[in-house]
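J.: Just passing along the structure, written as structure tokens.
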Amino acid sequence: MTTKKVAIIGASGYSGEELVRLLLHHPHVELAAVTSRQNAGQTVAQIFPKFASHPISKTLRFSEPNAEVLARQADIVFLALPHGVAAEFAVPLLDAGCVVIDLSADFRLKSAAAYKEFYAHDHPAPKLLKKSVYGLPEIYREQIKTALLVASPGCYPTSILLPVIPLLRAGIIKPTGIIADSLSGVSGAGRKAEADYLFVECNESARPYGVPKHRHLSEIEEQLSFAANAKVTIQFTPHLIPVNRGILTTLYLAPEKHFASAAEVVSLGEAIAECYQDAYGHEPFVRLLDGNSLPDTKNVAGTNVIEIAWRLDRRTGRLIVMSAEDNIVKGASGQAVQSMNLLCGFPETAGLV
């Protein structure tokens, strides 16, 4: 199997650090370059001592990001950059023949108008929006295999889309009245020194934010609309909780079929179970929980796995679906590596288990 050379632009943030960890130990890639303006000149081992035992960590040095240079060093380039900045590098890298996997929001949407609405500036490369593939492997596996530009989903969207899309496609739930409550660890805010994310501000505290229009709503609603073949608008409230990593999402959904009697509950329950089994029964990174088990962030921390469970509430007539994932792995870097495996023809689980 041919080894691919890969580079990471923006390797000093949490997602970048996780990419370094995964790619250093990936059996089919060579980590050829890592960039960080503030760490330029220093080795990976100096910035991330936890990786010092890896042979190349003492020789691989952070460099200033330069698309022309990186295009000569790598076949695949990961962009772990803020939105608006990633596109500046994606354009020249694609022109130079590199495959680009972007972890920012720059290419997740198909609508430049929606991007401007949610991100408050014009899209820097609107012509590329139609060429990008949304990097949710369980949903867009075949498209990812031939992609040149993969837009890796956000962490919150992953925790919502994977549980909801199969139900919408199967017509089991209504595309209206969807409510999503999500709880995220502090690493989801990124590695930055802001008062809101200091230990004293976050510890022993839980608070909502981004209400009522968090930026991730744009891609969540667009993808759900594709699945439902109709315009979908949802209520989404994210919360910050005092853990390092992990997202727990609870979804409140309205089934298309009424279920009041015991027989109707059984029938609908069987349809939901069959729907999820058909969609994810053979997926390596989706864990469908049964019995009394419910999603728990401690079970997925550090992994590329998402847990999903559901319950029918006869009293309210709602379907409650819950998910748990690691926001930095399945919600970011791990999912990006999963997409890389697909487009390179590697085993999908390579470097991730």
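J.: Considering only segment 75-128, state which residues are touching a strand residue (DSSP E or B) at 6+ places or on another chain (Cβ under 6 Å) and charged (D, E, K, R).
T.: Those that are touching a strand residue (DSSP E or B) at 6+ places or on another chain (Cβ under 6 Å) and charged (D, E, K, R): ASP75, ASP102, ARG108.
A quick yes/no check of all residues on (1) surrounded by fewer than 22 Cβ atoms within 10 Å (Cβ to Cβ); (2) among the aliphatic types (A, V, I, L, M); (3) in the same structural domain as LYS231 (by TED's automatic domain parsing); (4) in a loop (DSSP other than H, G, I, E, B):
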position: ILE8; (1), (2), (3), (4): no, yes, no, no
position: ALA33; (1), (2), (3), (4): no, yes, no, no
position: ALA45; (1), (2), (3), (4): yes, yes, no, no
position: LYS110; (1), (2), (3), (4): yes, no, no, yes
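J.: Quickly run through segment 105-140 and pick out the residues that are touching a residue at least 60 places away in the same chain (Cβ under 8 Å) and among the aromatic types (Phe, Trp, Tyr).
T.: Listed by number, the residues that qualify are TYR115, PHE118, TYR119, TYR134.
J.: Pick from segment 198-232 the residues that are closer than 18 Å to GLY154 by Cβ and hydroxyl-bearing (Ser, Thr, Tyr): which of them is surrounded by the fewest Cβ atoms within 10 Å (Cβ to Cβ)?
T.: The qualifying residue surrounded by the fewest Cβ atoms within 10 Å (Cβ to Cβ) is TYR209.
J.: Let me ask you something else. I'd like to check something: does segment 229-244 contain any residue that is on the phi > 0 side of the Ramachandran plot, in a loop (DSSP other than H, G, I, E, B) and touching an Asp or Glu at 6+ places or on another chain (Cβ under 7 Å)?
T.: There is no residue in segment 229-244 that is on the phi > 0 side of the Ramachandran plot, in a loop (DSSP other than H, G, I, E, B) and touching an Asp or Glu at 6+ places or on another chain (Cβ under 7 Å).
J.: Separate question: Tell me the residue from PHE89, PHE78 that is surrounded by 18 or more Cβ atoms within 10 Å (Cβ to Cβ) and assigned to a strand (DSSP E or B), please.
T.: Matching residue, one of PHE89, PHE78: PHE78.
J.: Out of segment 312-327, which residues are over 15 Å from ASN292 (Cα atoms), of a type in the set (S, T, N, Q) and not in a loop (DSSP other than H, G, I, E, B)?
T.: none
J.: Taking ILE272 as the residue in question, decide whether it is in a helix (DSSP H, G or I) and over 19 Å from ASP102 (Cα atoms).
T.: Spelling it out, ILE272 is indeed in a helix (DSSP H, G or I) and over 19 Å from ASP102 (Cα atoms).
J.: Across segment 257-286, which residue is surrounded by the most Cβ atoms within 10 Å (Cβ to Cβ) among those that are under 18 Å from VAL300 (Cβ atoms) and in contact with a strand residue (DSSP E or B) (Cβ under 8 Å, 6 or more places away or on another chain)?
T.: So the residue we want is PHE285.
J.: Identify, please: which residue in segment 154-188 is more than 13 Å from GLU221 (Cβ to Cβ), in a loop (DSSP other than H, G, I, E, B) and in contact with a Leu (Cβ under 9 Å, 6 or more places away or on another chain) and is, among those, modelled with the lowest pLDDT?
T.: GLY185
J.: So in segment 149-190, with the set limited to residues that are buried (at least 21 other Cβ atoms within 10 Å of the Cβ) and hydroxyl-bearing (Ser, Thr, Tyr), which one is farthest from ALA206 (Cα to Cα)?
T.: It comes out as SER152.
J.: Would you mind stating whether ALA254 is of a type in the set (A, V, I, L, M) and surrounded by fewer than 18 Cβ atoms within 10 Å (Cβ to Cβ)?
T.: So ALA254 fits the description; yes.
J.: Just for segment 47-72: of the residues that are out of contact with any Ser or Thr (no Cβ under 6 Å at 6 or more places or on another chain) and crowded, with 16+ Cβ neighbours inside 10 Å, which one is nearest to GLU18 (Cα to Cα)?
T.: Among residues in segment 47-72 that are out of contact with any Ser or Thr (no Cβ under 6 Å at 6 or more places or on another chain) and crowded, with 16+ Cβ neighbours inside 10 Å, the one nearest to GLU18 (Cα to Cα) is PHE48.
J.: Within segment 41-92, restricting attention to residues that are without any contact (Cβ under 8 Å) to a residue 40 or more places away in the chain and of a type in the set (D, E, K, R), which residue is nearest to ALA336 (Cα to Cα)?
T.: Taking the candidates together, the pick is GLU88.
The values are calculated or read from the model by the stated rules, or taken from the named source; none is laboratory data. Quick caveat, the model's predicted, so the values are computed rather than measured. Reconstructed Cβ throughout: ideal geometry from the backbone, glycine too, with neighbour counts over all protein chains shown.
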